[in-house]
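All remarks here apply to the structure that follows.
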Amino acid sequence: MQQIQKQIKYLKCKSISKRSLPINSQELQLPNLVNNQSHPLEQPSQVLLVKLGYSLIFRVASGEMLGPNQPVILHLIDLPFAMAALNGVVMEIQDCAFPLVQGIVATDNQSVGFKDVNYALMVGAKPRGPGMERGDLLKDNGKIFTETGKYINDHASRDIKVVVVGNPCNTNCLILANQIKDIPKENFTAMTRLDHNRAQHQLADKLGVHTSDIRKIAIFGNHSPTMVPYIDQMTAKNHKATVDQQWVTQTFIPTVQQRGAEIIKARKLSSAASAGNAAMNHITTWVNGTAEGDYTSMAIPSDGSYGVPKGLIFSFPVTVKNGKYSIVQGLPISPFYQGLLDKTIKELVDERNAVDHLLK
Ligand code: LMR
């Protein structure tokens, strides 16, 4: 069997609040960290998961993200005080005897954690609490992502594909990518797949079809309450589908925009399983491509399409082929949608201005 060798690293910060990155680094000395050595493989892929949540580790380890033929090395990073708990997670991964897991790097040292990583799922950031908006987090997370960007630049594989999930994810990604000197900027993306998935569910529910029947929808803009769920080209079961405009403006769009806040209100915690699931979907699609005739949503460096200032990390409808994404061009933008786009563009420009000092 021809092995496509990639490496997966998982950074997990279990005992700190969701989406926090390890800051103080000290390598964890755990016995038996590398397992399955007897399985003959040429070169596994390395995937870095930064605080993705307990369930996601096991989904990635099982091959759900990169496929059943792709061996992985998991990299797990946690804060120094959480090393004992991390050891427990390592033992559990070992006890699953996953055929695809070729190694586990468990550490609280980011230079060790990021070494040679091919895929990084950056869930770590200071978390948002009830009543907070993403803008509140800019300051603290700016510092974290500046530092992490340097580790990626110095230690990760030059082909690394990064998805930033921790909020405010678009601008965190902008800060991160700004630290990178010799990896292409287009390898740095932020996650709006969660919003895409949420929109898909709302629409499927409204139209009485399955979520997989809903195609040609997209999220434009920021992963925030200004995001723009765009459905003017929607199809359901491969036929053009429409829903009434009043429902769109009064129910659908606000529901998708506020879903994260609603979950925080209900759980007293931010979304975890659905966010991890979407991060995994984001990478899977980036690697395997979009289905013929459909597109997905990824927040990527703007090339100026749809009048979005160049360089902003902005969610666009994209198609993906051979590991490369392209913005879907020429979608008709009604005055209604243009008004929404202007608002989310302005928010992201304001966020960029607020972290200007970190982008020098
Ligand atoms: C979500 O959309 O569920 C999260 O991004 C909300 C948050 O701020 O953690």
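The single condition from (1) at pLDDT below 85; (2) surrounded by fewer than 15 Cβ atoms within 10 Å (Cβ to Cβ); (3) away from the ligand (no atom under 16 Å from the Cβ) that Ser55 fails is (3). When Ala82 is tested against (1) in a helix (DSSP H, G or I); (2) buried (at least 22 other Cβ atoms within 10 Å of the Cβ); (3) at pLDDT below 85, just one condition goes unmet, and that condition is (2). Just one of Ile180, Ile217, Ile160 is crowded, with 16+ Cβ neighbours inside 10 Å, within 22 Å of Lys360 (Cβ to Cβ) and either in contact with a helix residue (DSSP H, G or I) (Cβ under 6 Å, 6 or more places away or on another chain) or at pLDDT 95 or above (or both); which is it? Residue meeting the stated conditions: Ile180. When Ile219 is tested against (1) outside the structural domain of Glu347 (by the TED database); (2) part of a strand (DSSP E or B), only condition (1) is not met. In the range 182-214, of all residues being over 18 Å from Pro229 (Cβ atoms) and assigned to a loop (DSSP other than H, G, I, E, B), the one that is farthest from the ligand (Cβ to nearest atom) corresponds to Asp182. Among helices (runs of 4 or more DSSP H) entirely within the range 247-360, having at least 3 residues that are farther than 21 Å from Phe188 by Cα singles out 253-267, 335-354.
Would you please name the residue that is nearest to Val112 (Cα to Cα), looking only at residues in the range 133-159 that are in contact with an Asp or Glu (Cβ under 9 Å, 6 or more places away or on another chain) and not polar (S, T, N, Q)?
If we take residues in the range 133-159 being in contact with an Asp or Glu (Cβ under 9 Å, 6 or more places away or on another chain) and not polar (S, T, N, Q), then His155 is nearest to Val112 (Cα to Cα).
Within the range 226-242, the set of residues being crowded, with 17+ Cβ neighbours inside 10 Å and within 21 Å of Pro335 (Cβ to Cβ) comprises Thr226, Met227, Val228, Pro229, Tyr230, Ile231, Met234. Picking from residues in the range 100-114 that are farther than 23 Å from Glu64 by Cα and in a loop (DSSP other than H, G, I, E, B), the one that is modelled with the highest pLDDT is Asn109. Taking residues in the range 139-151 that are assigned by the TED database to the domain that holds Gln110, and partners anywhere that are in a helix (DSSP H, G or I) and of a type in the set (S, T, N, Q), the pairs with Cβ atoms closer than 7 Å and at least 6 places apart or on different chains are Asn141/Asn172; Phe145/Asn172; Thr148/Gln110; Gly149/Asn178; Tyr151/Gln110; Tyr151/Ser111. Taken over the range 251-278, the criterion of being within 11 Å of the ligand (Cβ to nearest atom) and in contact with a strand residue (DSSP E or B) (Cβ under 7 Å, 6 or more places away or on another chain) is satisfied by Val256 alone. Among the conditions (1) in contact (Cβ under 8 Å) with a residue 40 or more places away in the chain; (2) out of contact with any strand residue (DSSP E or B) (no Cβ under 6 Å at 6 or more places or on another chain); (3) within 22 Å of Val228 (Cβ to Cβ), Ile300 misses just one, which is (2). Taking the range 140-181 as the range and being touching a Gly at 6+ places or on another chain (Cβ under 7 Å), part of a helix (DSSP H, G or I) and within 16 Å of the ligand (Cβ to nearest atom) as the test, the residues that pass are Asn141, Asn172. Residue count for the range 119-146 satisfying the condition of being at pLDDT 90 or above and surrounded by fewer than 24 Cβ atoms within 10 Å (Cβ to Cβ): 1.
The values are calculated or read from the model by the stated rules, or taken from the named source; none is laboratory data. Remember, predicted model here, so these are calculated numbers, not experimental data. Every residue, glycine as well, gets a Cβ built from its backbone with ideal geometry; the counts of neighbours run over all protein chains shown.
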